1. Does any residue in the stretch 14-30 that is among the charged types (D, E, K, R) come within less than 6 Å, Cβ to Cβ, of a residue that is part of a helix (DSSP H, G or I) six or more places away or on a different chain, and which pairs are these?
2. Restricting the stretch 87-97 to residues that are open to solvent by less than 50 Å² (accessible area, probe 1.4 Å) and not hydroxyl-bearing (Ser, Thr, Tyr), which is nearest to the chain's Cα centre (by Cα)?
3. Criterion first (farther than 13 Å from Glu40 by Cα and either modelled with pLDDT of 90 or more or hydroxyl-bearing (Ser, Thr, Tyr) (or both)) does Glu63 satisfy it?
4. Taking the condition of being open to solvent by 10 Å² or more (accessible area, probe 1.4 Å) and under 21 Å from Ser199 (Cα atoms), how many residues in the stretch 23-39 meet it?
5. In the stretch 184-203, which residues are open to solvent by 10 Å² or more (accessible area, probe 1.4 Å), modelled with pLDDT under 90 and of a type in the set (A, V, I, L, M)?
6. Please identify the pairs in which a residue from the stretch 168-195 that is over 17 Å from Pro34 (Cβ atoms) has its Cβ atom under 6 Å from the Cβ atom of a residue that is at pLDDT 90 or above and buried (at least 19 other Cβ atoms within 10 Å of the Cβ), counting only partners at least 6 apart or on another chain.
7. Can you name the number of the only condition in (1) more than 19 Å from Phe28 (Cβ to Cβ); (2) open to solvent by less than 70 Å² (accessible area, probe 1.4 Å) that Glu107 fails?
8. Criterion first (part of a helix (DSSP H, G or I) and surrounded by fewer than 19 Cβ atoms within 10 Å (Cβ to Cβ)) does Arg181 satisfy it?
Amino acid sequence: MEIPAHKLKRFTPTVLGIEAINTAVRAFASAFAPAGPVLEVGSYYPEAYKNFCDRRQFFPGLEYIGCDLRSGCGVDRIEDAQNLSFSDRSFGTVILLEILEHLPHPERAIAEAQRVLRDDGRLLLSVPFSYRLHGFPHDYRRLTSSGIYEVLAAFPQKLVFAIGPRVKPATVFAVARMTEREDFSVERERFRSAMQAQSKALLRRLFWSALHERARDLMGLLLGRADITVAFYDPAEGGGYVYEVPQAGKVHSEGP
């Protein structure tokens, strides 16, 4: 599932993040031979992104249910990740991609994923780390690899990794099993090999994207186009930031 070349010409973090996710999902599907049914929580995507945000194609022949809080592309059912309506142990695979950062109680979503997974089930998740505010004010946190490892403490076997610059990765991923199995180490090595083989071009693009972002930040500072402030958040102020500009001596608001 290649992203059209014209979408990659600026190496935007959004597009490269999508490509990183697709690389991980593809490697997961090939290395772990996931079982169905497959439940994707947070499956909505804009229609323009259909060619590279519909992950059903990675799981051919398996029942696939996409759910989200809103209807639209990729959504089969309206569900709350923190309070799913599905029966216990009803899915072989649960996918949570770029959703935990938008939940006020992500631990509930993890608990729900664990509840609906069968004993032989697997969880695949991703969270952004070095990424702008998005969906604000419903953008609550960023988690490191060690943070994700702790979030998944209830899963006895897990594989956690990050893609991007070592000290400022773009995205953090995890694969977790409900119960321990001896073949997990074999699956883990197969997955690592698949990721290394499939991510070479992606890593080159992430390198140039990091350079581009740093250069743009620097130029913004030099040209006075970047606000460096102390920012205060007040939901009573229309959901945006309220911040003080010392030079002007006044307060004004800015949306996300």
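1. Final answer for the pair search is Glu19/Leu202; Arg26/Phe58.
2. Restricting attention to the stretch 87-97, the residues satisfying the condition of being open to solvent by less than 50 Å² (accessible area, probe 1.4 Å) are 90-97.
Still in the running and not hydroxyl-bearing (Ser, Thr, Tyr): 91-92, 94-97.
Numbers: Phe91: 20, Gly92: 20, Val94: 14, Ile95: 10, Leu96: 7, Leu97: 4 Å.
Checked the stretch 87-97; the qualifying residue nearest to the chain's Cα centre (by Cα) is Leu97.
3. Numbers: farther than 13 Å from Glu40 by Cα: no; either modelled with pLDDT of 90 or more or hydroxyl-bearing (Ser, Thr, Tyr) (or both): yes.
So Glu63 fails the test.
4. Step one: filter the stretch 23-39 for residues open to solvent by 10 Å² or more (accessible area, probe 1.4 Å), giving 26, 29-30, 33-37.
Checking the rest, the ones that are also under 21 Å from Ser199 (Cα atoms) come to 26, 29-30, 33-34.
Qualifying residue count for the region: 5.
5. Matches in the stretch 184-203: Ala194, Met195, Ala197, Ala201, Leu203.
6. That search, which allows pairs on different chains as well, returns Thr171/Ser126; Thr171/Pro128; Val172/Val127; Val172/Ile148.
7. (2)
8. Details: part of a helix (DSSP H, G or I): no; surrounded by fewer than 19 Cβ atoms within 10 Å (Cβ to Cβ): yes.
No, not satisfied.
The values are calculated or read from the model by the stated rules, or taken from the named source; none is laboratory data. What you see is a predicted model; the values in this text were computed from it and never measured. All Cβ positions, even for glycine, are placed from backbone atoms using ideal geometry, and neighbour counts span all protein chains on display. The protein model used for the area step is the full one, side chains on, heavy atoms only, and it has no ligands, DNA or RNA in it. Shrake-Rupley method; radii C 1.70, N 1.55, O 1.52, S 1.80 Å.
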